[in-house]
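Asker: My questions all concern the structure below.
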Amino acid sequence: MSTDQLEIKKISDKWGEVRMMDKEEAAKLEPEWKEAYDRFHEKYDSDMEKMLNIAEKVKTMIEPPKVEKKTQGQRKRDAWAKVQAREAARAAKK
């Protein structure tokens, strides 16, 4: 590897370590690395929030809400209500 490639490899290895640190460990970093860590996690958090919002909106399209089946008693009550409404409409016409 050339010297430039070795330098890039060294920086990418360091970033791999820094990126996976928790906040307490990151507080001890050099200012340049700490700033990069903070920028990365702010972007990550905002992207994750956006994706959760999108997933919530798309969820109803993927899995539409399931309507419970009517029981036999409910079907009979609905039919009786239709009959009563029809009779009331006929009585109102007369």
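Asker: To test your reading of the geometry: what angle, between 0 and 90 degrees and rounded to tens, separates the Cα axis of helix 31-62 from the longest principal axis of the chain?
Answerer: Roughly 20 degrees, rounded to the nearest 10.
Asker: Take A36 and K93, extend 7 Å from each Cα along the Cα→Cβ direction, and tell me the distance between the two endpoints in nm.
Answerer: Roughly 8.2 nm, to one decimal.
Asker: While we're on this one: Using helices alone, I'd like the mean residue ellipticity at 222 nm for the chain: each DSSP H run of four-plus residues gives -39500 (n - 2.57), total over residue count, nearest 500. Don't jump to the answer; show the numbers that get you there.
Answerer: Working: 4 runs with 75 residues, N = 94.
That calculation yields -27000 deg cm²/dmol at 222 nm.
Asker: Still on this structure, please answer the following. Under a straight-distance cross-link criterion of Cα-Cα below 18 Å, which lysines are reachable from K93, leaving out those fewer than 8 residues away in the same chain?
Answerer: Partners within reach: K82.
Asker: Let me ask another. Show me the GluC sites (Glu not before Pro) within the stretch 11-78 that DSSP assigns to loop and that have at most 12 other Cβ atoms within 10 Å of their Cβ.
Answerer: Numbers: sites: E17, E24, E25, E32, E35, E42, E49, E56, E68; in loops: E68.
Sparse-neighbourhood loop GluC sites (Glu not before Pro): E68.
Asker: What is the percent carbon and sulfur in the accessible area of the stretch 11-51, measuring with a 1.4 Å probe over the protein chains and ignoring ligands?
Answerer: On the way: 1860 of 3370 Å².
Result for the stretch 11-51: 55 percent of the exposed heavy-atom area is carbon or sulfur.
Asker: Taking volume of the Cα convex hull per residue in Å³ straight from the coordinates, which label in (i) 242; (ii) 157; (iii) 117 is the correct one?
Answerer: (i)
Asker: Oh, and also: On a 0 to 90° scale, report how tilted helix 3-19 is relative to the longest principal axis of the chain, with both axes built from alpha carbons and the result rounded to the nearest 10.
Answerer: Helix 3-19 and the main axis of the chain meet at about 50 degrees.
The values are calculated or read from the model by the stated rules, or taken from the named source; none is laboratory data. Computed from a prediction, not measured in an experiment: that's the story for all the values here. Every residue, glycine among them, receives a Cβ derived from its backbone with ideal geometry; neighbour counts consider all protein chains shown. For accessibility, only protein heavy atoms count, side chains too; no ligands or nucleic acids. Shrake-Rupley method; radii C 1.70, N 1.55, O 1.52, S 1.80 Å.
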